[in-house]
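One structure below.
The values are calculated or read from the model by the stated rules, or taken from the named source; none is laboratory data. The structure presented is a predicted model; accordingly, all values stated were derived computationally and were not measured. Please note: Cβ atoms are built from the backbone with ideal geometry, for glycine as well, and neighbour counts cover all protein chains shown.
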Amino acid sequence: MTNSAKFNKPVPPGPIKRIILFVLDSVGIGELPDAAEFGDSGANTLRSILNSSSTVNLPNLVLLGLGHIEGIDYVPRTEAPRGAYGRMSEISNGKDTTTGHWEIAGLKISEPFQTYPDGFPAHIIDAFETQTGRKALCNKPASGTEVIETYGKEHMETGNPIVYTSADSVFQIAAHEEVVGLDELYRMCDIAREILRGKDQVARVIARPFIGTPGAFTRTSNRRDYSINPFEPTVLDKAKEAGYDVQAVGKISDIFNGQGITEDVHTKDNMDGVDKTLDYLKTNSTGILFTNLVDFDAKFGHRRDAEGYRLALEAFDQRLPELMSAMRKDDLLILIADHGNDPGFKGSDHTREYVPLLVTGHYVKEGVSLGTRETFADIAQTTAELLGLTPMDHGRSFAGAILKV
C-alpha cells in the first residue's frame, strides 16, 4: 500500500473530500417485498444474529441510529442519533455479492448472472479437466468448509481439485496449498475464467486454498477472485477518470476486476480490514475509500453460525470509535451491506433483504431519516454529487438531505 500523494487533484464542489464506503457483507435487516420470488420469505439476518443473545451489545451502531431504521424494532433507540439513517432496497435481479456491489457503484443488473444449482454441465467440466489435466471432484453446490472436509483426503491423495458452486454465480476451486500449490491453483482459475464466458458466464471464479490434514483443514487468506468487468462505467470509474483516489480494501478490487481502482490491498479477516482502512485514512487521499468486511458472510452467514456472526458484529462495533476518530473533517462515512445471509434461515445461501444505511461525519446532520431508498445506487449518485462527477444513470442522491452546509 502506498501513500496517495498527488499533484493537481480535483477539488470537490462541497465540503466532502473523501467518501468512505464500508460494506458489512451480508448484514441484511429483513425481507424485501419480492423475497418470496427468491425463496426468502421471513429472512432477517440482523434479527437472527441478535436472537443468539439476550442483550444487544452494539452501542456505537445504536448511537448512529441503527434502532431508528424502519423495521428494526428489536434494537434500542438512542435519543439523539449521531448521523443519518435509513434502509435500502435492491432493484437488481439477484442477491449475490457482485450484483450488490455493482448496484452500490451505480449499476442495475436486469439479467441475473448464470447460476448452476445442480452443478456444472458436462461440457464445462470436460473442458476444465482437459485444459488443467486434472479431474474435478464434487461438482455440486456446497458449503466451502464442509466440501473440503468431505473431499479433502481424496484431493490430497490425487491432486484433483475440488470444484463446487453455491446460489451465487460462482465457480469455486479448492486446493491444498502444500499439495497443489498456489501457483497451480491460480492457473486452474485462469483456465476456468476463460471457459466460463459467453452463455456459460459466471460472475466470479474463486480460488479457495486450504491447509491442514483430514479432520483439521483450514482455509487460508490466499483466496483470489477472478471477476468480470462491469458492463457500464461505475462511480469508481468516474472518480478515477476525474483524478481522484479510489482505494479498495478486501475483495473490492476482485469484485470490480480492478476496474476503477487506483490502489488496493487484500485482507486476512474483518479486523485486518479495519486496520487496512485505518492505514488508508492516514493518507492524504481524496475520492473514495471502499472496504468490504467479508467474514460476516463467509465465516458466519453461510455456515449458519448466529452466535459467531453476532460476536463478529460486536467486534466491529467496538472498532467504530477508532474509525470515526481517524476521520478527517472532510470525510463522510457510509455503512451499508450488499445482501442478506440469515444464519437462522434454511439452507446456506444469501437472502434477499433490505440493507441498513448509516451515514456520519463532521458535516452530516444528526438524526436525519433517509427513509426507504429505492436502490443501492443512491450511494453512487450521492457520491457522484459530492465529488462533482457527472450523474449516474440510476439512483437518487441524498446529499442535500444530510449535509449541514
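Does Ser143 meet the test of being free of Cβ contacts under 8 Å to residues at least 24 places away in the same chain and either of a type outside the set (A, V, I, L, M, F, W, C) or surrounded by fewer than 20 Cβ atoms within 10 Å (Cβ to Cβ) (or both)?
Numbers: free of Cβ contacts under 8 Å to residues at least 24 places away in the same chain: no; either of a type outside the set (A, V, I, L, M, F, W, C) or surrounded by fewer than 20 Cβ atoms within 10 Å (Cβ to Cβ) (or both): yes.
So Ser143 does not fit the description; no.
I'd like to know if region 315-332 contains one or more residues that are touching an Asp or Glu at 6+ places or on another chain (Cβ under 8 Å) and either at pLDDT 95 or above or of a type outside the set (D, E, K, R) (or both). Taking every residue of region 315-332 in turn, none turns out to be touching an Asp or Glu at 6+ places or on another chain (Cβ under 8 Å) and either at pLDDT 95 or above or of a type outside the set (D, E, K, R) (or both). Set side by side, the residues Asp34, Asp40 differ, and just one is acidic (Asp, Glu), assigned by TED's automatic domain parsing to the domain that holds Glu385 and buried (at least 19 other Cβ atoms within 10 Å of the Cβ), which is Asp40. For region 197-233, the tally of residues that are touching a Leu at 6+ places or on another chain (Cβ under 8 Å) and either under 30 Å from Leu389 (Cβ atoms) or at pLDDT 95 or above (or both) stands at 6. Of the residues examined, Leu64 is one that is under 25 Å from Tyr363 (Cβ atoms) and either among the hydrophobic types (A, V, I, L, M, F, W, C) or in contact with a strand residue (DSSP E or B) (Cβ under 8 Å, 6 or more places away or on another chain) (or both). Annotation note: Cβ proximity below 7 Å between a residue of region 255-284 that is over 23 Å from Leu320 (Cβ atoms) and in a loop (DSSP other than H, G, I, E, B) and a residue that is of a type in the set (Asp, Glu) and modelled with pLDDT of 95 or more (sequence gap 6+ or interchain) occurs for Gln259/Asp237; Gly260/Asp237; Thr262/Asp245. Restricting the first member to region 314-332 and to residues that are in contact (Cβ under 8 Å) with a residue 40 or more places away in the chain, and the second to residues that are assigned to a helix (DSSP H, G or I) and basic (Lys, Arg), no beta-carbon pair is closer than 8 Å while six or more apart or on different chains. Pairs are defined by a Cβ separation below 6 Å, a sequence spacing of at least 6 or placement on different chains, a first member in region 162-190 that is in the same structural domain as Lys140 (by TED's automatic domain parsing) and assigned to a helix (DSSP H, G or I), and a second member that is modelled with pLDDT under 95 and of a type outside the set (S, T, N, Q); the pairs so defined are Cys189/Tyr226. For region 191-217, the set of residues classified as within 22 Å of the chain's Cα centre (by Cα) and either in the same structural domain as Leu289 (by TED's automatic domain parsing) or assigned to a strand (DSSP E or B) (or both) consists of Arg204, Val205, Ile206, Ala207, Arg208, Pro209, Phe210, listed by residue number.
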